[in-house]
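Participant: Sharing a structure below in structure tokens format, with a few things to ask.
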Amino acid sequence: MHTLRRDLPQREPSGRFGTATHLLDSLRAMGITRLLVRASVGERTALALPSWASSPGVRRSMQSNRPHGTSVEVALRRALFKRGLRFFKDRRPLAELRCEADVVFPRLKIAVFVDGCFWHGCPKHATRPLIHREWWGRKLDRTIERDKANSAVLASEGWKVVRFWEHQSIKEMADLTERFVRTRTASH
Ligand SMILES: [Zn+2]
């Protein structure tokens, strides 16, 4: 069982990380980290069990919503790069928070996520598998809760959290991201 504790700095909390550590402690006290941990472990479990994707529809959804390297994320990064923006990809905005963003501007503290419609519960396209319905329901609910909790932690650390649905156009995503970058650059 992996726990967030393993990711926390071993030393006494201090400075920026200290704040995050305290926040995680508070969240843990509220039982939220357990939720985060279970969700991340659950995700690995689910990915290791593709046989559960027993209907073609579910399998297609899962395949088109892989956590990394989907064409949507790649296309967005390419568009941002073309616009002259420089960033990190697939990186934790906060070292101690088990949460990777697809595009990260560390200095400006902007974290961009492209959320898959299936995994993250897009209101337009998310369909819930009928097979193993309860298991999927719990799992997908946890993913959505974890997204919210991660966004809250990042925001509390001064990060601008930008979440897109994978169904949005690349241009729309790039336009918005660029606007946030320009705005934060101007105020830095
Ligand atoms: Zn969608």
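The values are calculated or read from the model by the stated rules, or taken from the named source; none is laboratory data. The shown structure was predicted, so the numbers you read here are calculated from the model rather than taken from an experiment. Reconstructed Cβ throughout: ideal geometry from the backbone, glycine too, with neighbour counts over all protein chains shown.
Participant: Specify which of the listed residues (VAL41, VAL37) is surrounded by 18 or more Cβ atoms within 10 Å (Cβ to Cβ) and modelled with pLDDT under 95.
Facilitator: Of VAL41, VAL37, the one residue that is surrounded by 18 or more Cβ atoms within 10 Å (Cβ to Cβ) and modelled with pLDDT under 95 is VAL37.
Participant: Among the residues of region 136-151 satisfying the criterion of being of a type outside the set (D, E, K, R) and surrounded by 14 or more Cβ atoms within 10 Å (Cβ to Cβ), which is farthest from ALA101 (Cα to Cα)?
Facilitator: Checking each candidate, the answer is TRP136.
Participant: For PRO50, are the conditions met, namely being more than 16 Å from the ligand (Cβ to nearest atom) and either under 14 Å from the mean Cα position of the chain (by Cα) or modelled with pLDDT under 95 (or both)?
Facilitator: Yes: the conditions hold for PRO50.
Participant: Condition test on GLU100, is it surrounded by fewer than 19 Cβ atoms within 10 Å (Cβ to Cβ), over 29 Å from PHE81 (Cβ atoms) and of a type in the set (Asp, Glu)?
Facilitator: no
Participant: While we're on this one: Which residues, taken from region 107-128, are more than 16 Å from the ligand (Cβ to nearest atom) and surrounded by 14 or more Cβ atoms within 10 Å (Cβ to Cβ)?
Facilitator: Selection gives LEU108, LYS109, ILE110, ALA111, VAL112.
Participant: Taking region 79-117 only, how many residues are on the phi > 0 side of the Ramachandran plot and in a strand (DSSP E or B)?
Facilitator: 1
Participant: Only one residue in ARG138, ARG179, ARG163 is outside any loop (DSSP other than H, G, I, E, B), within 16 Å of the ligand (Cβ to nearest atom) and of a type in the set (Lys, Arg). Which one? Spell out how you get there, then give the answer.
Facilitator: Details: ARG138 fails: within 16 Å of the ligand (Cβ to nearest atom); ARG179 fails: within 16 Å of the ligand (Cβ to nearest atom).
Result of the check over ARG138, ARG179, ARG163: ARG163.
Participant: I would also like to ask the following. Checking the conditions here, which among LYS124, LYS109 is in contact with a helix residue (DSSP H, G or I) (Cβ under 8 Å, 6 or more places away or on another chain) and either of a type in the set (Gly, Ala, Ser) or farther than 16 Å from VAL162 by Cβ (or both)?
Facilitator: Of the residues listed, the single one that is in contact with a helix residue (DSSP H, G or I) (Cβ under 8 Å, 6 or more places away or on another chain) and either of a type in the set (Gly, Ala, Ser) or farther than 16 Å from VAL162 by Cβ (or both) is LYS124.
Participant: What single numbered condition from (1) assigned to a loop (DSSP other than H, G, I, E, B); (2) more than 16 Å from the ligand (Cβ to nearest atom) fails to hold for GLN168?
Facilitator: (2)
Participant: Does any residue of region 159-182 turn out to be closer than 22 Å to SER71 by Cβ, among the hydroxyl-bearing types (Ser, Thr, Tyr) and modelled with pLDDT of 95 or more?
Facilitator: Yes, because at least one residue in region 159-182 is closer than 22 Å to SER71 by Cβ, among the hydroxyl-bearing types (Ser, Thr, Tyr) and modelled with pLDDT of 95 or more.
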